[in-house]
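Below you'll find the structure, written out as structure tokens, and then a few comments.
The values are calculated or read from the model by the stated rules, or taken from the named source; none is laboratory data. All values derive from a computational prediction rather than experimental measurement. Please note: Cβ atoms are built from the backbone with ideal geometry, for glycine as well, and neighbour counts cover all protein chains shown.
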Amino acid sequence: MVERLNEVLETAQLLVVMGKGGVGKSTVTAALGRLLASTGHRVLLVEIDPRENLHQLLDVEPSDGAVVRAGPNLELQHLHPRRVLDDLVAERLKFGPLARRVLASPVYQHFAEGAPGLKEAAVLGRILRLLEGHGPKGQEVPDVVILDGPASGHGVPLLAAPQLISSVIDSGPIGQMAQDIECFVKDAHRSAFVLVSLAEEMPIQETFELIDLMEYQLSREPACLVVNGLYPPVEKGIPYPSGDSPEGRADSLWRARSQINQEQLERLALRWRGPLLKTPLVAVDRGPVLIELISQTIETQLETH
Ligand SMILES: Nc1ncnc2c1ncn2[C@@H]1O[C@H](COP(=O)(O)OP(=O)(O)O)[C@@H](O)[C@H]1O
Ligand SMILES: [Mg+2]
């Protein structure tokens, strides 16, 4: 299974990293980026969370829409989905007075904000065009784009939106683009999904729901699950420090969290038999050291399977 994951990571042009907010999506995005960049892939990380933070993890300046170099073979870009959609509409209307009128009209404003997944689909459209060599002038074509996806719930509408749009608008440039994106996200040779979770009850529950939704709406499975933030397993035979000392309280917390992690991993194993990567909770603040450590753990697991 992990052998197949190696193949997916080697060849996919788009990796979408999804999961509930706070589980480590951006951390995993950055770590996978580092790893693929170190093996010679030209990687572009794309972030759409309005609270831009990938740059902090990689210790570079914020992007605010620009492409920022974050290391050899590694670049990152923050995109505002609404701005991407507006640009797309303006471009289709040849940037003329009509474009300005449409963009300012209440009907468009309402449509752009209200249609589920529309803005995010525009981001996918932009990524697809970049990969096909039709990106903005001067922007290098990456081998792979890793999209730090929206929190789950928004994730599947994002992926289902192209299908919805192409079923409503079946002709013209927007209809064509929606069809192209739909083919792209359904094509297991070109795109892959990485689901990140914590080994805790609610995130695991959400992961199951996300797997079901992907199956239902896209007929696809994730390429792998990453269970992040695992507490180090409790080693047998280590004496307990006294319960009412600070060490004792930290020790009890560790044992309790570790126990929950083990139970949830067992629950996950009953349902998911595909590729699984486990990444530990490390005592390091957000930043390049954390990313390097997580990237190394992933690399080791990919090698030893
Ligand atoms: N394995 C880990 N070990 C230690 N800290 C982690 C780990 N994974 C994530 N973090 C920290 O947890 C916080 C949330 O991670 P982040 O990747 O930003 O989550 P998300 O993108 O899912 O909201 C960050 O401050 C990050 O530094
Ligand atoms: Mg994030």
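In table form, for the structure just shown:
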item	result
Pairs, first within 30 Å of Val16 (Cα to Cα) in segment 96-120, second surrounded by 11 or more Cβ atoms within 10 Å (Cβ to Cβ) and of a type in the set (D, E, K, R), C-beta under 7 Å, six or more apart	Leu103/Asp86; Ala112/Arg82; Ala112/Lys119; Lys119/Arg82
Hey, Leu14 within 20 Å of Lys119 (Cα to Cα), away from ligand 2 (no atom under 11 Å from the Cβ), of a type outside the set (Lys, Arg) and surrounded by fewer than 23 Cβ atoms within 10 Å (Cβ to Cβ) or not	yes
Output for segment 268-305, where each listed residue is within 16 Å of ligand 2 (Cβ to nearest atom) and either hydrophobic (A, V, I, L, M, F, W, C) or without any contact (Cβ under 8 Å) to a residue 12 or more places away in the chain (or both)	Asp285, Leu290, Ile291, Ile294
Subset tally (residues that are surrounded by fewer than 15 Cβ atoms within 10 Å (Cβ to Cβ) and polar (S, T, N, Q)) for segment 138-157	1
Matching residues in segment 38-69 - criterion: being within 13 Å of ligand 1 (Cβ to nearest atom), in contact with a strand residue (DSSP E or B) (Cβ under 7 Å, 6 or more places away or on another chain) and without any contact (Cβ under 8 Å) to a residue 24 or more places away in the chain	His55
Any strands (runs of 3 or more DSSP E) falling wholly within segment 13-104 and containing at least 3 residues that are hydrophobic (A, V, I, L, M, F, W, C)	14-19, 43-47, 67-71
Residue list for segment 158-187, filter: of a type outside the set (A, V, I, L, M, F, W, C), buried (at least 19 other Cβ atoms within 10 Å of the Cβ) and modelled with pLDDT of 80 or more	Glu182
Filter result (over 16 Å from the mean Cα position of the chain (by Cα), within 30 Å of Tyr231 (Cβ to Cβ) and of a type in the set (S, T, N, Q)) within segment 178-217	Gln205
Single residue of segment 243-267 satisfying the filter (in contact (Cβ under 8 Å) with a residue 60 or more places away in the chain and crowded, with 18+ Cβ neighbours inside 10 Å) that is nearest to ligand 1 (Cβ to nearest atom)	Asn261
Some residue of segment 10-31 being modelled with pLDDT under 95, within 23 Å of Gln296 (Cα to Cα), more than 16 Å from ligand 1 (Cβ to nearest atom) and among the β-branched types (Val, Ile, Thr)	yes
Glu120, sole failed condition from (1) among the acidic types (Asp, Glu); (2) out of contact with any Leu (no Cβ under 7 Å at 6 or more places or on another chain); (3) assigned to a helix (DSSP H, G or I)	(2)
